[in-house]
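The values are calculated or read from the model by the stated rules, or taken from the named source; none is laboratory data. Just so it is clear, the structure is predicted and the values come from calculations on it, not from any experiment. Using ideal geometry, Cβ is built from the backbone for each residue, glycine included, and neighbour counts are taken over all protein chains shown.
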Amino acid sequence: MKVLITGGAGFIGSHLAEALLVRGDTVLVIDNYATGRRDNLSAHKNLTLVEGTIADGSLVERVFDDFRPDLVVHAAASYKDPDNWVEDVMTNVLGSANVGRASKKSGVGRLIYLQTSLCYGLQPIEQPITLNHPLFSGRYAGGSSYAITKTAGEQFLELCGVDFVSFRLANAYGPRNLSGPLPTFFHRLTNRLPCFVMDTRRDFIFVGDLVEVLVKALSGMGERGYYHVSSGSDYSIKELFDNVVQALGIRLEKEVEVRPRGVDDVYTILIDPSKTKRDFQWSTHTPLSEGVRSAIEWYKTHGITQTYTHLKGVGEKR
């Protein structure tokens with residue numbers, strides 16, 4: 001198959017591209033390298049890299065016309081700066097609209113979108129969150145430019161009329177991940193900087209497990225619509241931190257500080273993956289300790305110069 005991946009040099013996109021190349025697909029990647037890395041993908045005879053932004057409608061149309069993909073995975077997203085609303089709108093909304101229209105025009109067989117579970121808001125009204133949960137409910141509903149624009153993009157893609165599958169994700173982690181607590185813990189611990197953890201729990205999914213369900217969807221499994229990709233269980237951020245310390249093989253002089261969560265930080269976010277397990281005959285299988293160890297080994301080899309967060313505290317001056 002010919003598969004086009006937006007954001008294919010990023011964390012999830014590059015892992016998926018490698019898996020598809022291994023199984024013999026022809027892959028084209030579009031990436032502007034805002035958060036993707038050039039060393040995430042190696043040269044391959046069946047891989048084409050296009051540097052550019054999906055906000056450029058003429059570029060997107062030209063790439064689709066030339067490549068004529070059978071399948072599309074839309075993994076590109078702007079999340080680098082929580083204050084850069086314009087870039088978030090350009091990439092996550094306009095870019096998604098461009099990808100959706102080009103997919104329709106090219107007759108793409110299936111379009112897969114990677115969505116954030118923050119689409120349900122910062123304080124979900126049920127745990128675990130089901131697919132019937134309303135979007136952006138409760139206080140501080142949108143929470144971030146990232147969540148708002150990713151959800152707008154999701155709705156434009158559904159509107160485009162192709163066979164559309166949106167995977168709403170738990171906290172993905174693993175090698176090449178540069179956002180969230182795991183790379184932050186590694187960076188601070190290896191640079192002898194102070195650390196703290198929040199008194200919260202999150203559902204973590206290893207990138208290898210996530211790629212497995214993406215490949216199944218690209219192979220035709222599942223139906224049009226929405227799915228949750230998660231383990232269905234949660235870990236405290238303290239447990240994640242302890243696994244990083246263990247993987248680094250270091251001993252701390254004192255116990256890490258555990259800070260109370262802020263007003264915009266829910267205690268746990270669990271999303272129900274039962275529909276995904278049923279339709280894709282899939283479930284997570286990588287233990288947290290193993291996944292963290294894999295990520296740490298990659299960080300040691302490749303290094304981290306910058307980590308990112310898409311969240312900004314509610315009520316902060318903007």
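Brief remarks follow.
- From the list Val213, Val229, Val244, the one residue that fits, being touching a Phe, Trp or Tyr at 6+ places or on another chain (Cβ under 6 Å), buried (at least 22 other Cβ atoms within 10 Å of the Cβ), among the aliphatic types (A, V, I, L, M) and closer than 21 Å to Ile296 by Cα, is Val244.
- Counted residues, the range 181-208 - those being under 22 Å from Gln115 (Cα atoms) and either out of contact with any helix residue (DSSP H, G or I) (no Cβ under 9 Å at 6 or more places or on another chain) or of a type in the set (Phe, Trp, Tyr) (or both): 2
- Scanning the range 64-81 for residues that are surrounded by fewer than 22 Cβ atoms within 10 Å (Cβ to Cβ), farther than 18 Å from Phe11 by Cβ and in contact with a helix residue (DSSP H, G or I) (Cβ under 8 Å, 6 or more places away or on another chain) yields a total of 2.
- For beta carbons closer than 9 Å, sequence separation of 6+ or different chains, a first residue in the range 252-280 that is in contact (Cβ under 8 Å) with a residue 40 or more places away in the chain and a second that is part of a helix (DSSP H, G or I) and of a type in the set (Gly, Ala, Ser), the qualifying pairs are Ile269/Ser117; Ile271/Ser117; Phe280/Ala217.
- Residue within the range 248-259 that is surrounded by 18 or more Cβ atoms within 10 Å (Cβ to Cβ) and either on the phi > 0 side of the Ramachandran plot or modelled with pLDDT under 95 (or both) present: no
- Scanning the range 153-178 for residues that are in contact with a strand residue (DSSP E or B) (Cβ under 9 Å, 6 or more places away or on another chain) and either of a type in the set (Val, Ile, Thr) or on the phi < 0 side of the Ramachandran plot (or both) yields a count of 18.
- If the condition is being surrounded by fewer than 22 Cβ atoms within 10 Å (Cβ to Cβ), more than 14 Å from His228 (Cα to Cα) and touching a residue at least 24 places away in the same chain (Cβ under 8 Å), then the range 125-147 contributes only Tyr140.
- His228 vs. criteria part of a strand (DSSP E or B), within 28 Å of Arg37 (Cα to Cα) and of a type outside the set (Ser, Thr, Tyr): yes
- Between Asp265, Asp234, Asp272, the distinction of being surrounded by 14 or more Cβ atoms within 10 Å (Cβ to Cβ), modelled with pLDDT of 95 or more and among the acidic types (Asp, Glu) belongs to Asp272 only.
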